Amino acid sequence: MQNHPFNTTNLNDATVKRFADTYQALKDEFDIQPTGHIDFDLQQFEVFKNCAGVNVLGSFVIKRDCGDSYILFVEVKYKIGSTPQANHQEHQVWGLTYVKHSFGRVLIRRETLTDKLLELVHPLELNFDEDKPFCNTFFVVVNDYVKATGGMHRNFRNAVMDIRDNDFMIEIVDHTLVIGNYDPIIPEKSLHIAEFVERVAEACNE
């Protein structure tokens, strides 16, 4: 039996292969190392609020002088109906990094037509008058205007604009940022996530 740098308990062969292919793609591109056990406190994020449980199957650090960033192989459980035993499991890849400046709570995703219509009625979104391309592309909700605008400087916004994938979410809670989506595991998308957290670690910790 092949040893893997992530927990394969109860994973089917197809899921193990997707994680293994993703790990190899990341290792070919980045200097990643297993972290051992770290509690990343993922339940604090709104992106996981509807989950019955979040289990990190593997965590890997991308070490840089400017700050470390992480790739997480995650098993997410969702309740189906009212029966505790009726859980649906999904397996995903998320990126995480820590930033020097506190952002408060921030959620960033691609802006939809619904978002644009809601903004006409309720001014929910944070906008940057000097950066119309960013504002026209992304929907940004914050709970602390001063902290969020202080953290989302030009280099940060450029890093978000340069992500080579449309379907992702970024959430920041104080000094911790996560990025990912609910899609099946795809090595190419995982590389985009790793590129982003590495760049944010550099841009936001100078």
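Screening region 1-38 for residues that are within 13 Å of residue 185 (Cβ to Cβ) and of a type in the set (Val, Ile, Thr) and picking the one that is surrounded by the fewest Cβ atoms within 10 Å (Cβ to Cβ) gives 16. For region 154-197, give me each residue that is crowded, with 17+ Cβ neighbours inside 10 Å, touching a Phe, Trp or Tyr at 6+ places or on another chain (Cβ under 7 Å), outside any loop (DSSP other than H, G, I, E, B) and not β-branched (Val, Ile, Thr). Selection gives 157, 159, 171, 180, 194. Among the conditions (1) open to solvent by 90 Å² or more (accessible area, probe 1.4 Å); (2) touching a helix residue (DSSP H, G or I) at 6+ places or on another chain (Cβ under 8 Å); (3) of a type outside the set (S, T, N, Q), residue 57 misses just one, which is (1).
For region 39-52: of the residues being on the phi < 0 side of the Ramachandran plot and outside any helix (DSSP H, G or I), which is surrounded by the most Cβ atoms within 10 Å (Cβ to Cβ)?
Within region 39-52, the match that is surrounded by the most Cβ atoms within 10 Å (Cβ to Cβ) is 45.
Would you check if residue 104 is open to solvent by less than 60 Å² (accessible area, probe 1.4 Å), on the phi > 0 side of the Ramachandran plot and either at pLDDT 65 or above or in contact with a Gly (Cβ under 8 Å, 6 or more places away or on another chain) (or both)? Considered against the rule, which asks whether it is open to solvent by less than 60 Å² (accessible area, probe 1.4 Å), on the phi > 0 side of the Ramachandran plot and either at pLDDT 65 or above or in contact with a Gly (Cβ under 8 Å, 6 or more places away or on another chain) (or both), residue 104 comes out as yes.
The values are calculated or read from the model by the stated rules, or taken from the named source; none is laboratory data. No experiment lies behind these values; they were computed from the predicted model shown. Virtual Cβ from ideal backbone geometry, glycine too; neighbours counted across all protein chains shown. With ligands, DNA and RNA removed, areas are computed over all heavy atoms of the protein, side chains included. Shrake-Rupley method; radii C 1.70, N 1.55, O 1.52, S 1.80 Å.
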